[in-house]
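Enquirer: Structure below; questions to follow.
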Amino acid sequence: MREQLENIKIQAEKELVNAQSIQELENIRVRFLGKKGELTSVLRGMGALSPEERPVIGQMANDVRAILEARLDEAARQLASKERQEKLASEVIDISMPGRKRSFGKKHPLTQVIDEIKEIFLGMGYQIAEGPEIELDYYNFEAMNIPKNHPSRDVQDTFYIDDNVVLRTHTSPVQARVMKTQKPPIRVICPGRVYRSDEVDATHSPVFHQIEGLVVDKGVTMGDLVGTLKEFARALLGENTNIRLRPHHFPFTEPSAEVDVSCWGCGGSGCRICKGEGWVEILGAGMVSPKVLRECGINPYEFSGFAFGMGVERIALSRFNIDDMRLLTENDVRFLKQF
Amino acid sequence: MKAPLKWLSKYVDINVSPKEFADAMTMSGSKVEGIEKQGEELVKVVVGRIVSLEKHPDADKLQVSKVDVGTETIQIVTGASNISVGDYVPIALDGSSLPGGKKINKGKLRGIESNGMMCSIQELGYTRYDFPDAAEDGIYIVSEEILKEKYADAAKALGKDIREAIGIDDTVVEFEITPNRPDCLSIVGLARESAATLGTAFRKPDIKVNESGGDINEYAKVEIMDADLCPRYAARVIKNVKIGPSPQWMKEFLRAAGVRPINNIVDITNYVMLELGQPMHAFDLDKLEESRIVVRRAREGEIIETLDGNQRKLEAGMLVIADGKKPVAVAGVMGGGNSEICDSTSSILFESASFNGTSVRITAKKLGMRTEASSRFEKGLDVNNVVNALDRAAQLIVELGAGEVAGGIIDCYPGKLEPRVIDLQQDRINALLGTDISRDEMIRILRSVELGVDDKTGRVTVPTFRQDIEEMADLAEEVARFYGYNNIKPTLLPGKEMTRGIKTFKQKMEDRIRETMSALGLYEIYTYSFTSPDIFDKINLPKDSKLRNAVVISNPLGVDYSIMRTTTIPDMLTVLARNYNRRIEEAKLYELSYTYSKDNPRTTQVEGIDESGLPEEIETLTLGMYGKVDFYDIKGVAEGLLAELGITEYEFARETGNPTFHPGRTAVLMIKGEYAGCIGEVHPDVLEKFDISTRVYAGSIEVDKLVASAGHKAQYKPLPKFPAVSRDIAMLVKDEVMVKQIEDVIRKNSGKILEEVSLFDVYKGKQVAEGMKSVAYAITFRAADRTLTDEDVNKAMEKILEGLKNELDAKLRE
């Protein structure tokens, strides 16, 4: 019987090695270990053994069973793994084929720039103020210290509806409305559409967008203006951005400045974007003129403030490297998809 | 304002390079627009004298000349015919270059050696505007007088650089002068700023007049009738006038400043205007009737022929300079032809006056003749510079030998303007700037621009040429620009009260609209807010449509941009058409913008400031699409948006009467029973006019109506614990029955256990009778507290089917 058991083991192991599938393994299990299997039939002959031999052979038979079961399990694991590998190998796809198109739309590049600038100022505690595009001459000009028949009006070629109504030439009238209706502390930005009677060409449009800002509070200084604009420029254009203020004249601010930022194209060494200057003018700014404060019912002895303004198109053109402003209003889908 | 550096240097020391000078001036507030180096492109062009001229042996039109160029005599072949032996001419030597990069080398012309080229004024880069003495067509013959003036002996000019010889070797700095600083529209004003900027000395012109020709009061009288428009009028009389060309130095200055030299009298008036900023005028005294000047308002209908040869009809109220009888000049704008100086003029009256800026501006605008003088006067010139300028002109008359100055001045100056005096208030200045500038430093800066400061009292006396300085903030700017804007330390509102940086609900909803549009695959567009009146016909609007009542721009860029839009649909169609005609297969677009409704005036925001003249501005979401889309795509966009905004109380109603849209494929959106917008397929008639030959879907929705009903108040609902039961039904109904009706019946009849009604098929055609359609739904039932039994569902279905049969005559399909 020893021999028989030994043979079963040898035979089973031999067949195990050759088994190619889970089914074949199962067949082996049934044949050798099943209820009617070879091992069982060998054990049936145990009765013929001497009482001394019985436990020895019994132990041996159990050992063979245990070994074979372990071998079978191991072989099954290996086969399953092999079959999984083969399945995976058969499922290889061409990952260079294009993904399924999902059609998302996009915000217009001007909206994207406006949103980005809004975010920066919202984070600095500013609210967003709005006002009408068709505006009273009073709010657009007179409240901004630009009286009727004043030469400063030449700077802003104006569309008139009638003597008292204009298409706003800047978003400053919104500032006047805010100052007349809110008490300091005031921190607002005024984004919006403005109009000047410029003929359409690559760099001019009679309809364009501005974002102005206004801060009025006790003890606001020009240093605060410089600091705010520097913070803004860095948030918009990168941490290494510098700003430079040049004295200028606006009727509604005193002192007034034009503000350059170090060129984001070259960092200041001179390139196409800055026309070799190293600086790009993007803002006008200044301390709110006491005349404007008074006109809007704010006492300049008690409060001071600063204001600034920028053109959105100009920033968008530079930022996206667009060479013709007309593309922004042509709205060719192939253009709109690029941003 | 063009400032030739040689001229500027008469009054200030410029101790740095032109580039450094320009940068420094820009940073102190006089913005430099450009630096022009005269004659920069002229290399190796010298003065030569023609020694001999002979005919070319082989060419009729050529001459062979010998030219003395100082160091040698060279042979030049020329085609010019306006030259003679002895003429001084510009010679481009072998190896020279001319403007535009033209190079001149020696060579042979028809076999004869030519070692250079004689130049015309154009070849030197100028025109007869700058050099009126140049030949119209031919070589520029340099006048001997010019050379004598510069080199004492013309022969000494031979071989000299032509730029030096004819005075085109200056550097000209062009400044952009802002309207508040008319004082800087002058060489002296810029010299003052330069001195303060560079820290060098400023020298005022030394003005002394040698009078010789009798007493002015014997020759002329001046009377101001309307002192409100003319605060000051001063005159001098020049006798024995000798009209002639100005000296070379003056011509060079004028030319460099961009002014054409004409004759000594005109040049003097221009010179004084550029140097001191005060426009002047010269009348032929003999042409002034009664030898009188009367400054008065014009009488309605008076006519004057101005110096430019045009007849001008004057309006009452325009200020004129008249003689005893008639207007002889439009005050501050232009002189009249009737008193113009000419070659035979022997006595002149110089005018130097101060006119009301607004009046000059209005008059010039009305007459359509803005002149150099008017654009200066309108900015408000210094009334106390008037006599200074007059004396400077008289001084130049004597210097140029152009006449004799009569004794005395007539100076009508009824109310003398005193300088403004304001307090220094250095603490407030520092508080405004955020600086810590000492009082001494402030005083030093203010004095450098000629503001008088009393050390003890701190009173600042502002000269009358600085009308822009009125209060502390203006002084702060003066201090800041010389202290250096960029020396101000940046701060970020330290210690200030916090403010909330948040968007309003409406602004948040606008953001959500854009985000939803993006998510639904639409691209945002921007179009102009003004448009053409013919768009109304293009979109088939009836003649009596309210939308035709648009706000009209009184001075539009053209009729195509002349009205403020009352509808955004035409612009959307224009953009779709553009894309379509560029063969772009599909476009799905939206715009968030305004329309302007004249019929609805704005409500006033601030008491006392009437806004009823302004139209209401209606924010509008415009949709437009073509390509692989149909009505249900645009409706899906609208529904998706409504869902994202949390709007549930809405419905779409059939719209058959909007002539812009297809009568059977259009719906109006009603939110809480109120009109909120309209979407549909665009009418083929309209598409034809927009040159689109595919179906287009468009619509517009009022944003305010969306915002008013928007707002997710999201509340958690427990997930269902019990299973749902779903039943499909298909039925035949008449074609005109809308699915909305079917759904309403299903909802009404299904009780509380209905969860969802979902349309999955609509079919017409085979097996369905003409005029009928098959409609199929999946209906889902669920109860929150138990598992539904077949009986529950069957009962509900029976009721539904009965309702459909009774109300819509529906036949169940098996």
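Enquirer: If I ask for residues that are open to solvent by less than 60 Å² (accessible area, probe 1.4 Å), modelled with pLDDT of 90 or more and under 38 Å from the mean Cα position of the chain (by Cα), which ones from the stretch B:99-119 would you list?
Expert: Passing the criteria: only B:99.
Enquirer: Please go through the stretch B:275-305 and pick out each residue that is buried (at least 20 other Cβ atoms within 10 Å of the Cβ) and either among the polar types (S, T, N, Q) or without any contact (Cβ under 8 Å) to a residue 24 or more places away in the chain (or both).
Expert: B:278
Enquirer: Of the residues in the stretch B:779-790, how many are open to solvent by 20 Å² or more (accessible area, probe 1.4 Å) and of a type in the set (A, V, I, L, M, F, W, C)?
Expert: 1
Enquirer: Among (1) within 11 Å of another protein chain (Cβ to nearest Cβ); (2) within 32 Å of the chain's Cα centre (by Cα); (3) over 27 Å from residue A:108 (Cβ atoms), where does residue A:278 come up short?
Expert: (1)
Enquirer: Among the residues that make up the stretch A:179-201, is at least one of them open to solvent by 20 Å² or more (accessible area, probe 1.4 Å), within 7 Å of chain B (Cβ to nearest Cβ) and either among the β-branched types (Val, Ile, Thr) or assigned to a helix (DSSP H, G or I) (or both)?
Expert: Scanning the stretch A:179-201, I find at least one residue that is open to solvent by 20 Å² or more (accessible area, probe 1.4 Å), within 7 Å of chain B (Cβ to nearest Cβ) and either among the β-branched types (Val, Ile, Thr) or assigned to a helix (DSSP H, G or I) (or both), so the answer is yes.
Enquirer: Does at least one position in the stretch B:459-466 carry a residue that is without any contact (Cβ under 8 Å) to a residue 60 or more places away in the chain, more than 8 Å from every other protein chain (Cβ to nearest Cβ), in contact with a Gly (Cβ under 9 Å, 6 or more places away or on another chain) and of a type in the set (A, V, I, L, M)?
Expert: yes
Enquirer: Continuing with this model, one more query. For the stretch B:488-499, enumerate the residues that are more than 7 Å from chain A (Cβ to nearest Cβ) and in contact with a helix residue (DSSP H, G or I) (Cβ under 9 Å, 6 or more places away or on another chain). Give the steps one after another, and end with the answer.
Expert: Let us first name the residues in the stretch B:488-499 that are more than 7 Å from chain A (Cβ to nearest Cβ), namely B:494-495.
B:494, the sole residue that qualifies.
Enquirer: Here's a follow-up. Of all residues in the stretch B:406-430 being in contact with a helix residue (DSSP H, G or I) (Cβ under 8 Å, 6 or more places away or on another chain) and assigned to a helix (DSSP H, G or I), which is surrounded by the fewest Cβ atoms within 10 Å (Cβ to Cβ)?
Expert: B:428
Enquirer: Look at the stretch A:257-271 and say how many of its residues are modelled with pLDDT of 85 or more and either within 30 Å of residue B:479 (Cα to Cα) or not assigned by TED's automatic domain parsing to the domain that holds residue A:223 (or both).
Expert: Residues in the stretch A:257-271 being modelled with pLDDT of 85 or more and either within 30 Å of residue B:479 (Cα to Cα) or not assigned by TED's automatic domain parsing to the domain that holds residue A:223 (or both): 7 in total.
Enquirer: Now for a separate question. Give me the residue from the stretch B:500-553 that is facing another protein chain (nearest Cβ under 10 Å) and among the polar types (S, T, N, Q) and, out of that set, surrounded by the most Cβ atoms within 10 Å (Cβ to Cβ).
Expert: Among those residues, the one meeting the criterion is B:529.
Enquirer: Oh, and also: On the basis of being under 23 Å from residue B:256 (Cβ atoms), touching a Gly at 6+ places or on another chain (Cβ under 9 Å) and open to solvent by less than 10 Å² (accessible area, probe 1.4 Å), does residue B:12 make the cut? Walk me through it before giving the result.
Expert: Numbers: under 23 Å from residue B:256 (Cβ atoms): yes; touching a Gly at 6+ places or on another chain (Cβ under 9 Å): no; open to solvent by less than 10 Å² (accessible area, probe 1.4 Å): yes.
Against the criterion (under 23 Å from residue B:256 (Cβ atoms), touching a Gly at 6+ places or on another chain (Cβ under 9 Å) and open to solvent by less than 10 Å² (accessible area, probe 1.4 Å)), residue B:12 does not qualify.
Enquirer: Another question, then. Condition test on residue B:612, is it modelled with pLDDT under 95, within 20 Å of residue A:134 (Cβ to Cβ) and of a type in the set (Ser, Thr, Tyr)? Steps first, please.
Expert: On the way: modelled with pLDDT under 95: yes; within 20 Å of residue A:134 (Cβ to Cβ): yes; of a type in the set (Ser, Thr, Tyr): yes.
Criteria met by residue B:612.
Enquirer: Looking at the stretch B:791-811, I want the residues that are under 18 Å from residue B:724 (Cα atoms) and have a partner that is aromatic (Phe, Trp, Tyr) and surrounded by 12 or more Cβ atoms within 10 Å (Cβ to Cβ) with Cβ atoms under 9 Å, at least 6 apart or on another chain. Which pairs are those?
Expert: Correct list of pairs: B:792/B:781; B:793/B:781; B:796/B:781; B:797/B:781.
Enquirer: Under the condition of being within 40 Å of the chain's Cα centre (by Cα) and more than 8 Å from chain B (Cβ to nearest Cβ), which residue from the stretch A:119-142 is surrounded by the most Cβ atoms within 10 Å (Cβ to Cβ)? Steps first, answer last, please.
Expert: Our first condition is that a residue be within 40 Å of the chain's Cα centre (by Cα); within the stretch A:119-142, this holds for A:119-136, A:139-141.
Narrowing the set further to residues that are more than 8 Å from chain B (Cβ to nearest Cβ) leaves A:119-120, A:129-131, A:140-141.
Working: A:119: 13, A:120: 18, A:129: 23, A:130: 18, A:131: 20, A:140: 25, A:141: 27.
Taking the candidates together, the pick is A:141.
Enquirer: Could I ask something else about it? Only one of these is open to solvent by less than 40 Å² (accessible area, probe 1.4 Å), modelled with pLDDT of 95 or more, touching a helix residue (DSSP H, G or I) at 6+ places or on another chain (Cβ under 9 Å) and assigned to a strand (DSSP E or B): B:271, B:233. Name it. So that I can check it myself, show each step before the final result.
Expert: On the way: B:271 fails: assigned to a strand (DSSP E or B).
None of the others qualify; the one that does is B:233.
Enquirer: Another question, then. Please specify each residue of the stretch B:462-521 satisfying the condition of being within 30 Å of residue B:710 (Cβ to Cβ) and of a type in the set (Gly, Ala, Ser).
Expert: B:501, B:518, B:519, B:521
Enquirer: Still on this structure, please answer the following. Quick one: residue B:238 ticks every box in (1) open to solvent by 40 Å² or more (accessible area, probe 1.4 Å); (2) in contact with a Phe, Trp or Tyr (Cβ under 8 Å, 6 or more places away or on another chain) bar one, so which box is it?
Expert: With (1) open to solvent by 40 Å² or more (accessible area, probe 1.4 Å); (2) in contact with a Phe, Trp or Tyr (Cβ under 8 Å, 6 or more places away or on another chain) applied to residue B:238, the lone miss is (1).
Enquirer: Here's another thing I want to ask about it. Picking from A:80, A:12, A:66, which residue would you name as being open to solvent by less than 60 Å² (accessible area, probe 1.4 Å) and in contact with a Phe, Trp or Tyr (Cβ under 9 Å, 6 or more places away or on another chain)?
Expert: Working: A:80 fails: in contact with a Phe, Trp or Tyr (Cβ under 9 Å, 6 or more places away or on another chain); A:66 fails: in contact with a Phe, Trp or Tyr (Cβ under 9 Å, 6 or more places away or on another chain).
The conditions single out A:12.
Enquirer: Go through the stretch A:23-131 and tell me which helices (runs of 4 or more DSSP H), entirely inside it, have 3 or more residues that are more than 30 Å from residue A:207 (Cα to Cα), assigned by TED's automatic domain parsing to the domain that holds residue A:11 and among the small types (Gly, Ala, Ser).
Expert: Because the criterion is at least 3 residues that are more than 30 Å from residue A:207 (Cα to Cα), assigned by TED's automatic domain parsing to the domain that holds residue A:11 and among the small types (Gly, Ala, Ser), the helices (runs of 4 or more DSSP H) in the stretch A:23-131 that meet it are A:53-90.
Enquirer: Here is a list of conditions, (1) open to solvent by 10 Å² or more (accessible area, probe 1.4 Å); (2) modelled with pLDDT of 95 or more, and residue B:245 meets all of them except one; can you say which number that is?
Expert: (2)
Enquirer: Run down A:234, A:294, A:244 and say which single residue is surrounded by fewer than 21 Cβ atoms within 10 Å (Cβ to Cβ), part of a helix (DSSP H, G or I) and over 28 Å from the mean Cα position of the chain (by Cα).
Expert: On inspection, the qualifying residue turns out to be A:294.
Per-residue answers, yes or no, for (1) open to solvent by less than 30 Å² (accessible area, probe 1.4 Å); (2) within 14 Å of another protein chain (Cβ to nearest Cβ):
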| site | (1), (2) |
| --- | --- |
| B:326 | no, no |
| B:334 | no, no |
| B:342 | no, no |
| B:351 | yes, no |
| B:356 | no, yes |
| B:359 | yes, yes |
| B:364 | yes, yes |
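Enquirer: Going residue by residue through the stretch B:431-451, is there one that turns out to be modelled with pLDDT under 95, surrounded by fewer than 17 Cβ atoms within 10 Å (Cβ to Cβ) and either more than 30 Å from residue B:23 (Cβ to Cβ) or outside the structural domain of residue B:636 (by TED's automatic domain parsing) (or both)?
Expert: Scanning the stretch B:431-451, I find no residue that is modelled with pLDDT under 95, surrounded by fewer than 17 Cβ atoms within 10 Å (Cβ to Cβ) and either more than 30 Å from residue B:23 (Cβ to Cβ) or outside the structural domain of residue B:636 (by TED's automatic domain parsing) (or both), so the answer is no.
Enquirer: Related question: Do we have residue B:758 as part of a strand (DSSP E or B) and open to solvent by less than 50 Å² (accessible area, probe 1.4 Å) here?
Expert: yes
The values are calculated or read from the model by the stated rules, or taken from the named source; none is laboratory data. Nothing here was measured: the structure is a model prediction, and the numbers come from that model. Every residue, glycine as well, gets a Cβ built from its backbone with ideal geometry; the counts of neighbours run over all protein chains shown. Areas reflect the complete protein model, heavy atoms only, side chains present, ligands, DNA and RNA absent. Shrake-Rupley method; radii C 1.70, N 1.55, O 1.52, S 1.80 Å.
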